[in-house]
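Inspection log for the structure reproduced underneath, given as structure tokens.
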There are 2 protein chains.
Amino acid sequence: MSVRPLVNEWLLQLQANGFRITHPRRVIVEELLTSEKALEPVDLYAACRRRDPKLGLVTVYRTLDQLEQLDLIQRVHQADGCHTVMRKQNGHEHLLVCTSCGKTVTFCGDNFESLSNQVASETGFTVKDHMLQLFGLCPDCQGRKARSN
Amino acid sequence: MSVRPLVNEWLLQLQANGFRITHPRRVIVEELLTSEKALEPVDLYAACRRRDPKLGLVTVYRTLDQLEQLDLIQRVHQADGCHTVMRKQNGHEHLLVCTSCGKTVTFCGDNFESLSNQVASETGFTVKDHMLQLFGLCPDCQGRKARSN
DNA sequence: ACTGGTAATGAAATTCATTTTCAATAAGGA
DNA sequence: TCCTTATTGAAAATGAATTTCATTACCAGT
């Protein structure tokens with residue numbers, strides 16, 4: 001399945017928010033939508049540069065800011081930090097990240113109501129939001145690991 | 001309740017792992033164990049400096065590394081990054097962070113077995129670990145907010 | 001207690017990610 | 001097509017974190 005329509009959708013959304021549709025932005029959005037793993041800004045920059053060697057790292061940072069404002073991408077947190085970003089799918093889904101190759105898939109754990117309520121009444125806090133990520137090995141990396149043993 | 005015994009416990013644990021018990025380390029550990037909120041290295045540095053003006057920021061970073069190795073502290077993730085650390089309590093507890101004042105309490109959501117299993121069978125991943133944090137308003141900040149309206 | 005070997009320290013220098021500045025460029029409405 | 005203005009990339013600046021290194025101070029062995 002092509003990501004083409006989704007790319008246009010994102011660009012139109014940028015436009016609807018007062019930003020212009022530019023070539024660098026198109027390239028960045030395409031790379032973001034194509035990637036199966038969360039990318040560091042500099043990785044994204046490298047990927048974009050393969051298609052447009054003039055594209056600058058600063059533009060990557062700026063475009064990421066804009067896309068984050070529009071809630072189209074999200075930071076991916078890992079044990080050692082959270083310097084990678086990935087496209088956000090539909091609404092509030094959570095990420096499952098392969099700790100070996102970085103491949104990322106989503107799942108929707110939407111049964112947090114009861115947990116939230118329980119914690120709220122125990123602590124007196126009002127719970128507004130949550131962050132959940134799972135870590136593990138993707139099927140490919142399980143195989144790779146088994147073979148190397 | 002005093003944190004004194006816990007401070008000593010941590011220092012002994014450092015010693016048991018080949019590190020020496022030093023004054024800067026004691027100060028840093030005491031500040032970490034006393035704080036109700038997750039701290040940035042530079043905040044911790046400021047707090048320690050009030051008690052020992054000669055203590056260096058580098059030592060803070062180094063000591064944090066060591067404590068993280070020993071699994072005594074954890075990074076606290078927020079919407080905008082994860083540059084703060086906090087003491088880890090007993091085993092695998094999760095954090096509830098006040099987005100207004102930063103106060104942090106723990107809760108134990110230990111019913112992730114079923115979620116893990118479900119996601120694992122849906123995705124083919126092996127799930128090894130998870131990260132969960134809740135965000136909200138602590139009782140004090142709820143009050144403050146209500147009063148200001 | 002004393003001493004010697006060595007880990008730990010703080011200051012300064014360095015690295016690296018991110019942000020700011022600014023002149024040149026290009027999007028897109030008139 | 002022209003004109004305004006957002007956008008761009010290069011370079012400079014910032015700021016967090018790390019490395020280097022001479023000095024300090026733990027602490028094991030006496």
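Table: residues versus (1) at pLDDT below 95; (2) away from DNA strand D (no atom under 16 Å from the Cβ); (3) within 11 Å of the chain's Cα centre (by Cα).
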{"site": "A:LEU64", "(1), (2), (3)": "no, no, yes"}
{"site": "A:LEU70", "(1), (2), (3)": "no, no, no"}
{"site": "A:HIS94", "(1), (2), (3)": "yes, yes, yes"}
{"site": "A:SER116", "(1), (2), (3)": "yes, yes, no"}
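Quick check: is even one residue across the stretch B:94-108 surrounded by fewer than 19 Cβ atoms within 10 Å (Cβ to Cβ), under 25 Å from A:CYS101 (Cα atoms), more than 7 Å from chain A (Cβ to nearest Cβ) and in contact with a strand residue (DSSP E or B) (Cβ under 7 Å, 6 or more places away or on another chain)?
Scanning the stretch B:94-108 turns up no residue that is surrounded by fewer than 19 Cβ atoms within 10 Å (Cβ to Cβ), under 25 Å from A:CYS101 (Cα atoms), more than 7 Å from chain A (Cβ to nearest Cβ) and in contact with a strand residue (DSSP E or B) (Cβ under 7 Å, 6 or more places away or on another chain).
How many residues does the stretch A:109-149 contain that are within 7 Å of chain B (Cβ to nearest Cβ), assigned to a helix (DSSP H, G or I) and in contact (Cβ under 8 Å) with a residue 24 or more places away in the chain?
Residues meeting the conditions: 0.
For the stretch B:4-31, give me each residue that is in contact with a Ser or Thr (Cβ under 7 Å, 6 or more places away or on another chain) and within 12 Å of DNA strand D (Cβ to nearest atom).
Within the stretch B:4-31, B:PRO24, B:ARG25 qualify.
Which one of these does A:LEU134 not meet: (1) buried (at least 19 other Cβ atoms within 10 Å of the Cβ); (2) more than 21 Å from B:PHE112 (Cβ to Cβ)?
(2)
What's the number of the condition A:LEU70 fails, among (1) more than 9 Å from chain B (Cβ to nearest Cβ); (2) in contact with a strand residue (DSSP E or B) (Cβ under 9 Å, 6 or more places away or on another chain)?
The number of the failed condition is (2).
Can you tell me which condition B:LYS145 does not meet? The list is (1) closer than 22 Å to A:LEU96 by Cα; (2) loosely packed, with under 14 Cβ neighbours inside 10 Å, and all the others hold.
The one condition B:LYS145 does not meet is (1).
The values are calculated or read from the model by the stated rules, or taken from the named source; none is laboratory data. These figures come from a predicted structure and were not determined experimentally. Because the Cβ atoms are built from the backbone with ideal geometry, glycine has one as well, and the counts that use them run over all protein chains shown.
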